[in-house]
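The values are calculated or read from the model by the stated rules, or taken from the named source; none is laboratory data. None of the values given here were measured: they were computed from a predicted structure. Reconstructed Cβ throughout: ideal geometry from the backbone, glycine too, with neighbour counts over all protein chains shown.
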Amino acid sequence: MRPDIAFLENFASASCPAGFLTVDLPNRVAEPARKRWRGDETFASRFRRFCDYELMIRLPRFLMPLVAGCVITILQVLMAVALLAPEEPINERYSALVQHDSYWFMNIIDRGYQTIIPPIDHKVMEVSNVAFFPAYPAFAVLLRNVFNVSTGTALLITAQLAAWGFWTYFFLFCRRWKVAPSLQICGTLLILANPAAFFLVAAYSESLFL
């Protein structure tokens, strides 16, 4: 065999071994798909682990302020009901939390907003009732229609749910600011001792503003 032909055959066999086209080409074609599959699996598993971790970490942190806020709200309601006309039945004492401006909200729920032009310069419920924000009666009418309760009860439950939300955020902020438990208790007692705290669980819109 001529030397140049032998050299070319050796070079070809050394640079392109047998089976190169049948083995390497499918691997190269399948490699991007394999990488994509591994990438998708890694992202999904990481996302699932992240969600599980966040749920396990955040849920207990949120659960304690939520429970504490519920307990404080219930204590507020019990204290207000116990102090109102103790000789009356419990349901009448609870209904007694509907007072003064509560009737304006009841009027808005039953009749809607109404006024005259030009508006009058004094309060007459049956003539003009547009001096109150709509969020509180809107939530109350939704609650009344869903649970089929009276308008006064819907107003009370709406205000008390908003008070629960206020207390929950109070304890969440205390946790974020790393307030000592003793100071949290003192702050809670100071708020409860304020006479205006009564409006948080009565049929008023104050708790929604907090």
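State the number of residues belonging to region 120-174 that are in a loop (DSSP other than H, G, I, E, B), out of contact with any helix residue (DSSP H, G or I) (no Cβ under 6 Å at 6 or more places or on another chain) and over 22 Å from Ala197 (Cβ atoms).
Number satisfying all stated conditions: 14.
So, Asp110, is that one touching a helix residue (DSSP H, G or I) at 6+ places or on another chain (Cβ under 7 Å), acidic (Asp, Glu) and either modelled with pLDDT of 85 or more or assigned to a loop (DSSP other than H, G, I, E, B) (or both) or not? Outline the logic, then answer.
On the way: touching a helix residue (DSSP H, G or I) at 6+ places or on another chain (Cβ under 7 Å): yes; acidic (Asp, Glu): yes; either modelled with pLDDT of 85 or more or assigned to a loop (DSSP other than H, G, I, E, B) (or both): yes.
So Asp110 fits the description; yes.
Hey, can you tell me all the residues within region 138-190 that are within 21 Å of the chain's Cα centre (by Cα) and of a type in the set (Val, Ile, Thr)?
Within region 138-190, Val141, Val146, Ile157, Thr158, Thr168 qualify.
Quickly run through region 96-129 and pick out the residues that are of a type in the set (Val, Ile, Thr), free of Cβ contacts under 8 Å to residues at least 40 places away in the same chain and surrounded by 12 or more Cβ atoms within 10 Å (Cβ to Cβ).
The first filter runs over region 96-129 and keeps only residues of a type in the set (Val, Ile, Thr), leaving 98, 108-109, 115-117, 120, 124, 127.
Pick out the ones that are also free of Cβ contacts under 8 Å to residues at least 40 places away in the same chain and you get 108, 115-117, 120, 124, 127.
Of everything in region 96-129, those that are of a type in the set (Val, Ile, Thr), free of Cβ contacts under 8 Å to residues at least 40 places away in the same chain and surrounded by 12 or more Cβ atoms within 10 Å (Cβ to Cβ) turn out to be Ile108, Thr115, Val127.
Kindly indicate whether any position in region 181-199 is part of a loop (DSSP other than H, G, I, E, B) and at pLDDT below 95. Before the answer, list the steps.
Of the residues in region 181-199, the ones part of a loop (DSSP other than H, G, I, E, B) are 194.
This time we only want the ones that are at pLDDT below 95, so: 194.
Among the residues of region 181-199, at least one is part of a loop (DSSP other than H, G, I, E, B) and at pLDDT below 95, which makes the answer yes.
Being in contact with an Asp or Glu (Cβ under 6 Å, 6 or more places away or on another chain) and within 20 Å of Ala80 (Cα to Cα), is that true of even one residue in region 132-155?
Keep residues of region 132-155 that are in contact with an Asp or Glu (Cβ under 6 Å, 6 or more places away or on another chain), which gives none.
No, that holds for no residue.
Just give me the residues in region 71-95 being over 29 Å from the mean Cα position of the chain (by Cα) and either surrounded by fewer than 13 Cβ atoms within 10 Å (Cβ to Cβ) or in a loop (DSSP other than H, G, I, E, B) (or both), in sequence order.
Residues of region 71-95 over 29 Å from the mean Cα position of the chain (by Cα): 82-93.
Scanning region 71-95 gives Ala82, Leu83, Leu84, Ala85, Pro86, Glu87, Glu88, Pro89, Ile90, Asn91, Glu92.
Phe139 - would you say it is at negative phi, surrounded by fewer than 18 Cβ atoms within 10 Å (Cβ to Cβ), in contact with a Ser or Thr (Cβ under 7 Å, 6 or more places away or on another chain) and touching a residue at least 40 places away in the same chain (Cβ under 8 Å)? Please lay out each step first, then the result.
Values: at negative phi: yes; surrounded by fewer than 18 Cβ atoms within 10 Å (Cβ to Cβ): no; in contact with a Ser or Thr (Cβ under 7 Å, 6 or more places away or on another chain): yes; touching a residue at least 40 places away in the same chain (Cβ under 8 Å): yes.
No; evaluated as a whole, the condition is false for this residue.
Evaluate the following for Val179: is it within 23 Å of Ser102 (Cα to Cα) and of a type in the set (Val, Ile, Thr)?
On the way: within 23 Å of Ser102 (Cα to Cα): no; of a type in the set (Val, Ile, Thr): yes.
No.
Can you pull out every residue in region 67-115 that is among the polar types (S, T, N, Q) and under 17 Å from Leu192 (Cβ atoms)? So that I can check it myself, show each step before the final result.
Taking region 67-115 and keeping what is among the polar types (S, T, N, Q), we get 73, 76, 91, 95, 99, 102, 107, 114-115.
Across region 67-115, the qualifying residues are Thr73, Gln76.
Is there any pair linking a residue in region 173-190 that is under 19 Å from Phe62 (Cα atoms) to one that is polar (S, T, N, Q), with Cβ under 9 Å and at least six apart or on different chains, and which?
From residues that are under 19 Å from Phe62 (Cα atoms), the pairs are Cys174/Gln184; Arg175/Gln184.
Looking only at residues that are of a type in the set (S, T, N, Q) and in a helix (DSSP H, G or I) in region 96-107, which one is nearest to the chain's Cα centre (by Cα)? Full working, then the answer.
Our first condition is that a residue be of a type in the set (S, T, N, Q); within region 96-107, this holds for 99, 102, 107.
Next, only the ones that are in a helix (DSSP H, G or I) stay: 102, 107.
Numbers: Ser102: 26, Asn107: 30 Å.
My answer is Ser102.
Going through region 124-173 one residue at a time, which ones are farther than 26 Å from Leu75 by Cα and not aliphatic (A, V, I, L, M)?
Result: Glu126, Ser128, Asn129, Phe132, Phe133, Pro134, Asn145.
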